[in-house]
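The following block contains the structure, expressed as structure tokens.
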Amino acid sequence: MEQQKTADQEINTINAVDELLLPSTMEGILIVWFYLNNKMAIPNELKNCVISYSNQQTCIDYIASNKTNIIFLITSNSSATSILPDIHDMRQLDSIFLYTNEQKDNSENLLGKYSKIIESFSQTELLLESIKENIKLAVQQSESFKFYDQNQKSTRDLSNESGTFLWLKVFRDIFVEIPLDKNAKTDMICKLKECYRNNNKQLKLIDEFDRTYQAEDALRWYTSQPFIYKQVNRALRTEDIEQLHQFRYFIAGLCSNITKEHQYIRELVDNIKLYRGFVMSTTEFEKFKKHVGKLVSINGFLSTSRAKDVAKVFAGKPVHNKRSVLFEIECDVDHLQDAIIFADIARFSKHPDEQEVLFDLGPTFEILCIDEYEPDCWLVKLKAVDAGEKISKEYLETNRKEFNGESSAIAYASLLAQIGNFQKALNFYKQLLQNSKDEDDARIHFGIGTVYFSIRDFDKAIENLTYAYRLMINA
């Protein structure tokens, strides 16, 4: 009988991976076990860690539906031959592990054909070690890169690629501007308890956070407690608008902490070079090569180091279909002023020897050049630039004028719709509606109506536009 997974079971699976394989791993990594006709027993070490399938179409549907998770697949040679043509190119499928006791071994043919296959294993211990190592890589490299051509003529006509580049910078500016309502902390605590409801250790830490957290402690909590930074960065990486809104209380505090600490850097240095190591997919690396001379941003709080040798450790060694990459980031502190905000957070960290420097949300970098640093490692030289700040301000000012001075938050929802993220726009509009001032309701309903019109749900479009009109004429 095909195994069906509820939301609770998926969280159990994620927590099992977290506790049994790698204590520091990030939620959002799912391990799928697929063997046609249940021909292979799941090892005891993995029974609580995997989501198992024996029906091929059901497995394909499950993987296809999990677009915001990172998926590892464990399967046999024969099952791989059957299923991989349908799923190999799905972006969420990160790594494939062949685990087999089949006498006829065609793994070499599969390895040559499918680039996401890590290796073929017959021993459970070696399989577990490989999974742990690849989870580390997936967690470290979970940032999502966005590219932008600064020669684009106008922010009024954003392509999807350019708009997604812009969204995080606008999002950050909005979160700093919006006053926190009385429900902000409660929303975050409830979400954290939901995520970790089967993990007693984390629940105790969440209770401690609830009792003791003050806004000035955001950096200390971020650097010391995985349950915070895992969930925040996962929401940023996947652009989960609803979850980001639930974490607005902490994100606003963290941005404020980084801004405060940034002033110390401005007083002490004129220029600084920072480093970050990545193990990057070949596909992502080729995008960087294609965009030399253009701009890149990262969805998340980017962690870097003052020490090149520390960053080089995180660059690791290249594995199958991945490149070892070292970022060298040049920051002209005097020129940038507060356009790019970053803070030396070594004194808050459990590992001060790593000399960590953390960037605030939405930094923009120009890709200067890409050179071979040493055998099997590439050096990507970046320069922090203020272009993202200028693009964000231009977009917000343009939209405020167009909508008669509406709030940044409504302009942000408009941006989401403009770049085609209609569901995210709807979710954000509805979040705004729950906490809006009465004078904003008409504009929010107008925005909701235009989104429904764009997705051709004309009944809901007319309903919301009509309601917006009534609110405006009665104002």
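The values are calculated or read from the model by the stated rules, or taken from the named source; none is laboratory data. What you see is a predicted model, and the numbers here were worked out from it, not measured in a lab. Positions of Cβ are generated from backbone atoms using ideal geometry, with glycine treated the same way; all protein chains shown enter the neighbour counts.
Only one of A461, A411, A384 is touching a Cys at 6+ places or on another chain (Cβ under 6 Å) and either closer than 25 Å to Q246 by Cβ or modelled with pLDDT of 90 or more (or both); which?
A384
Specify which of the listed residues (E242, E216) is closer than 14 Å to F171 by Cβ and in contact with a helix residue (DSSP H, G or I) (Cβ under 9 Å, 6 or more places away or on another chain). Full working, then the answer.
Details: E216 fails: closer than 14 Å to F171 by Cβ.
That would be E242, the only listed residue that is closer than 14 Å to F171 by Cβ and in contact with a helix residue (DSSP H, G or I) (Cβ under 9 Å, 6 or more places away or on another chain).
Evaluate the following for I444: is it surrounded by fewer than 21 Cβ atoms within 10 Å (Cβ to Cβ) and part of a helix (DSSP H, G or I)?
Working: surrounded by fewer than 21 Cβ atoms within 10 Å (Cβ to Cβ): no; part of a helix (DSSP H, G or I): yes.
Considered against the rule, which asks whether it is surrounded by fewer than 21 Cβ atoms within 10 Å (Cβ to Cβ) and part of a helix (DSSP H, G or I), I444 comes out as no.
Quick grid of which residues meet (1) farther than 30 Å from L416 by Cβ; (2) surrounded by 22 or more Cβ atoms within 10 Å (Cβ to Cβ); (3) not assigned by TED's automatic domain parsing to the domain that holds I345:
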| site | (1), (2), (3) |
| --- | --- |
| L168 | no, yes, no |
| R211 | yes, no, no |
| Q214 | yes, no, no |
| T223 | yes, no, no |
| K230 | no, no, no |
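Still on this structure: Identify all residues within region 255-271 that are hydrophobic (A, V, I, L, M, F, W, C) and modelled with pLDDT under 95; write none if there are none. Spell out the reasoning first.
Going residue by residue through region 255-271, those that are hydrophobic (A, V, I, L, M, F, W, C) are 255, 258, 265, 268-269.
Listed by number, the residues that qualify are C255, I265, L268, V269.
Output the number of residues of region 272-288 satisfying the condition of being surrounded by fewer than 16 Cβ atoms within 10 Å (Cβ to Cβ) and either in contact with a Gly (Cβ under 6 Å, 6 or more places away or on another chain) or at pLDDT 95 or above (or both).
Final tally of qualifying residues: 1.
Going residue by residue through region 179-186, is there one that turns out to be surrounded by fewer than 21 Cβ atoms within 10 Å (Cβ to Cβ), modelled with pLDDT of 80 or more and of a type in the set (D, E, K, R)?
Taking every residue of region 179-186 in turn, at least one turns out to be surrounded by fewer than 21 Cβ atoms within 10 Å (Cβ to Cβ), modelled with pLDDT of 80 or more and of a type in the set (D, E, K, R).
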